[in-house]
Amino acid sequence: MSHLHTARLVLAPASLTATPYYSGFPLAHDTYNAITAASDGKIYYVLCSESYDQGGQLYVYDPITDKTQWLADLTALCEEANANAIPQGKSHVRFYESKGKLYFATHIGVYEMIDGMERLPQQAPDGKNLYPGGHFLSYDLATGTFENLAIAPEGEGILTMTIDRERDHLYGITWPMGYFIDYDIKADTLQNLGLVSAKGEAGNVGDDYRVLCRSMVVDPRDGTVYLSTSEGDILSYRPGSESLKKVDGVDLRLDYFGQYDPKHPGSMGYNWRKIFWYAPEQVAYGIHGNSGYLFRFDPEQATIELVERLTSEPSRKSGMFDQFSYGYLGFQPGPDQQTIYYLTGGPIYIDGKRVKGADQIAKGAAKGLENLHLVTFHLPTQRYTDHGPIFYADGNRPTYVNSIAIGTDGSVYTLARFEHDGHEIQDLIKICFRQDLQN
């Protein structure tokens, strides 16, 4: 039975204030996903780089001291500082904690723009070598030591990652071709299971181009990994299998999600944008990026059930999609594991008219200016709350937000653009928020 008509609506009209932090990296550019609250109470995050000379940087924020600290250079962690190659410019994945370690992965941060699309560089400047490939890495929270675990095949970056904590496996989808990779932590072996969707984002538009899934989920009961495709299929992989297979009897091609041509760029198509496992119901909850619909995926019953449209209240009233062409990655359960926190867009109105962005772009980016809203959804009670738009103290808006972490005190952290020393960077921001005080 659908939950669409049972959700409780709570409005919190007041705006929230975000505090920006300058971590010390002047090249810091847009980060997707790569921020996480660890069990030590600290916030770990990556600041990305578009430079051919310097890669992304890993930092940690301590809420007790209210200080940020540099931890490492991603290229150095991958033992490529002297490789004279395109550096490890970013991480595109969350940190996954297991048995005292944080696991994460690296990705390329520079692209060749071809027909308005970001492509893997085929030429490197100044005699540099081409990108070596993304790495799986680990960080020991107790000792502060890093380990370089494995490198992705075919010089591809690691775009998407998840972990099977029970069986000690890391899974990834590479960019741009979209290989599905399985790393066995205990055996220290990496297996390439092949392409997940035509030729991924390396394909030709109108033919074998497919935007790739940005989030996977593991059913901890049997270790099955689930991912989506832009055509709306759900694929699964079980440890030890020789390939992925399509899940029969269920798909994401729902009218409420919109209509998409998976062979063309500019959206995530029918892909889910983000998804996580919800143990109390033994199901996964995910968000469709462009429409903003929360859904419930039951792998045992092979069903998809819409729950609620989690866009901001102004977006719900407008009936329009938000401005970020792929939707938003700032979607995560909070410390209680029952409340979803979602950083999403909200339209801006001038003289009563909604500010309209570009009709179409060929990559994941903002089509126009919008507000940033924090929405929460309490799963047991189906309570939706829009906590209002978020602004800096000077009245400016955080932009290009596609990550989220929730601290033990309820504060919400993300990475957003702001002005620093006369130019725009992306760095850590803290949104002071207490869920128990908002209800």
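For (1) touching a Phe, Trp or Tyr at 6+ places or on another chain (Cβ under 9 Å); (2) in a loop (DSSP other than H, G, I, E, B); (3) within 22 Å of Phe297 (Cα to Cα), each residue gets a yes or a no:
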{"site": "Lys186", "(1), (2), (3)": "no, yes, no"}
{"site": "Ser197", "(1), (2), (3)": "no, yes, yes"}
{"site": "Arg210", "(1), (2), (3)": "no, yes, no"}
{"site": "Arg214", "(1), (2), (3)": "yes, yes, yes"}
{"site": "Ser236", "(1), (2), (3)": "yes, no, yes"}
{"site": "Pro239", "(1), (2), (3)": "no, yes, yes"}
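Just to confirm my filter: which strands (runs of 3 or more DSSP E) fall fully inside region 38-151 and include at least 2 residues that are aliphatic (A, V, I, L, M)?
Ranges flagged: 43-47, 57-62, 67-73, 101-105, 112-114, 146-151.
Working carefully through the options Gly345, Gly334, Gly327, find the one that is in contact (Cβ under 8 Å) with a residue 40 or more places away in the chain, closer than 21 Å to Thr385 by Cβ, surrounded by 22 or more Cβ atoms within 10 Å (Cβ to Cβ) and not aliphatic (A, V, I, L, M).
Gly327
Might you let me know whether region 249-266 holds any residue that is of a type in the set (D, E, K, R), open to solvent by 20 Å² or more (accessible area, probe 1.4 Å), in contact (Cβ under 8 Å) with a residue 12 or more places away in the chain and not in a loop (DSSP other than H, G, I, E, B)? Full working, then the answer.
Step one: of region 249-266, the residues of a type in the set (D, E, K, R) are 251, 253, 255, 261, 263.
After this cut, where a residue has to be open to solvent by 20 Å² or more (accessible area, probe 1.4 Å) as well, the list is 251, 253, 255, 261, 263.
Retained after the next criterion (residues that are in contact (Cβ under 8 Å) with a residue 12 or more places away in the chain): 251, 253, 263.
Retained after the next criterion (residues that are not in a loop (DSSP other than H, G, I, E, B)): none.
No, the conditions are met nowhere in region 249-266.
Report, by residue number, each residue of region 152-203 that is crowded, with 19+ Cβ neighbours inside 10 Å and of a type in the set (Val, Ile, Thr).
Those that are crowded, with 19+ Cβ neighbours inside 10 Å and of a type in the set (Val, Ile, Thr): Ile158, Thr160, Thr162, Ile163, Ile173, Thr174, Ile181, Ile185, Val196.
Quick one: is Ile429 within 23 Å of Ser49 (Cα to Cα), aliphatic (A, V, I, L, M) and at pLDDT 95 or above?
On the way: within 23 Å of Ser49 (Cα to Cα): yes; aliphatic (A, V, I, L, M): yes; at pLDDT 95 or above: yes.
Taking the combined requirement at face value, the residue satisfies it.
Inspect all residues belonging to region 277-288 and state whether any of them is in a loop (DSSP other than H, G, I, E, B), crowded, with 24+ Cβ neighbours inside 10 Å and modelled with pLDDT of 95 or more.
There is no residue in region 277-288 that is in a loop (DSSP other than H, G, I, E, B), crowded, with 24+ Cβ neighbours inside 10 Å and modelled with pLDDT of 95 or more.
The values are calculated or read from the model by the stated rules, or taken from the named source; none is laboratory data. This structure is a prediction, so every number in the text was calculated from the model and none was measured. Positions of Cβ are backbone-derived with ideal geometry, glycine not excepted, and every protein chain shown enters the neighbour counts. All accessible areas refer to the heavy atoms of the entire protein, side chains included, with ligands and DNA or RNA removed. Shrake-Rupley method; radii C 1.70, N 1.55, O 1.52, S 1.80 Å.
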